[in-house]
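Visitor: Before anything else, here's the structure in question.
Read-outs throughout are calculated quantities, based only on the coordinates presented, and are distinct from any laboratory measurement. Everything numeric in this text was worked out from a predicted model, so none of it was measured. All Cβ positions, even for glycine, are placed from backbone atoms using ideal geometry, and neighbour counts span all protein chains on display.
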Amino acid sequence: MEKHPTILGVFSGVLGTILVAIAVWLTVVYTGAYNVAASDQHFDAVRWSFDTTMRRSVASRAGGADLPQNPSENLVAEGAGYYAESCAQCHGGPGKDPAEWSRGMRPEPPHLTEAATEWTGEEIHWIVTNGIKMTGMPAFGGRHSSEEITAIAAFVSALPGLTADDYTRLTGSAQGPAEETPSSDARGPAEPPAEAIQPPSE
Ligand code: HEC
């Protein structure tokens, strides 16, 4: 008999707390109280929440990519070519600063030469394939095959040990093959096969 009022009390306490939380949330959303300006830093608590959510989310989802234990120099060079083309503007490279505009992003894309030590190859493969919501980190999975992303992950994992000279050598040697395969774009051929092209009938 005595238990019922207690359970009811706990229930209305929890319900009250949930309603207050919803009210605070809606007030922040509708009043424009939160400053979305990228010229401002996130509050520490907001930054911590995003960062921790991202790290836990990636750690629990990454896996299943078939990454070579000791990637060949060729694979790393192939990855370097893609990296110079699609990543260095935001993440920089050994001896190479990121593009100036990327410093205006929130969160600011980290210099991967250091940040890569914090991630396993499989996590890097997952991040590059899927991107990270609300950060500006794009998903490359739709435009690059899993093999190409394996090459990128092999290169990013190798980044912390590379010098500026290594980077110049690798990106220099990889630019040829990377440019020879512009249709590595997975959206399919942009044009019909050559024999199907007819001169305009006018
Ligand atoms: C338009 C800018 C942009 C481009 C291009 C870009 N990234 Fe990112 N990347 C980001 C941002 C922003 C984050 C999130 C940083 C954060 O949350 O701290 C990020 C995060 C990452 C992370 C996690 C690093 C960390 O410690 O937070 C990895 C790994 C990464 N990117 C790899 C790549 C690779 C490889 C490419 C190219 C295939 C690439 N990115 C292209 C902006 C970019």
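Visitor: Tell me, what HN-Hα J-couplings in whole Hz come from the Karplus equation 6.51 cos²θ - 1.76 cosθ + 1.60 at θ = phi - 60° for each residue of the stretch 111-120, using x for Gly and Pro?
Guide: Result, rounded to whole Hz: 5, 6, 4, 9, 5, 4, 5, 7, 10, 7.
Visitor: Then there's this: Nothing charged except the Cβ atoms of Lys and Arg (+1) and of Asp and Glu (-1): what's the magnitude of the dipole of the stretch 56-184 about its Cα centre? Round to the nearest 20 debye.
Guide: The calculation lands at about 540 debye.
Visitor: Tell me the trypsin sites (Lys or Arg not before Pro) within the stretch 92-170 that lie in a loop according to DSSP and have at most 12 other beta-carbon atoms within 10 Å. Spell out each step's value before the answer.
Guide: Numbers: sites: Lys96, Arg103, Lys133, Arg143, Arg169; in loops: Lys133, Arg143.
When the trypsin sites (Lys or Arg not before Pro) of the stretch 92-170 are filtered for loop state and at most 12 Cβ neighbours within 10 Å, Lys133 remain.
Visitor: On to the next question. Return P(r) of the stretch 1-139 (all Cα-Cα pairs; 10 Å bins starting at 0; whole %; ordered from short to long distances).
Guide: Percent of Cα pairs in each bin: 9, 28, 27, 16, 11, 7, 3, 0.
Visitor: Taking amide H positions as placed in the peptide plane 1.01 Å from N, state which residues far from Met137 in sequence (5 or more) or on other chains have amide H under 5 Å from it.
Guide: Residues meeting the amide H criterion: Ile132.
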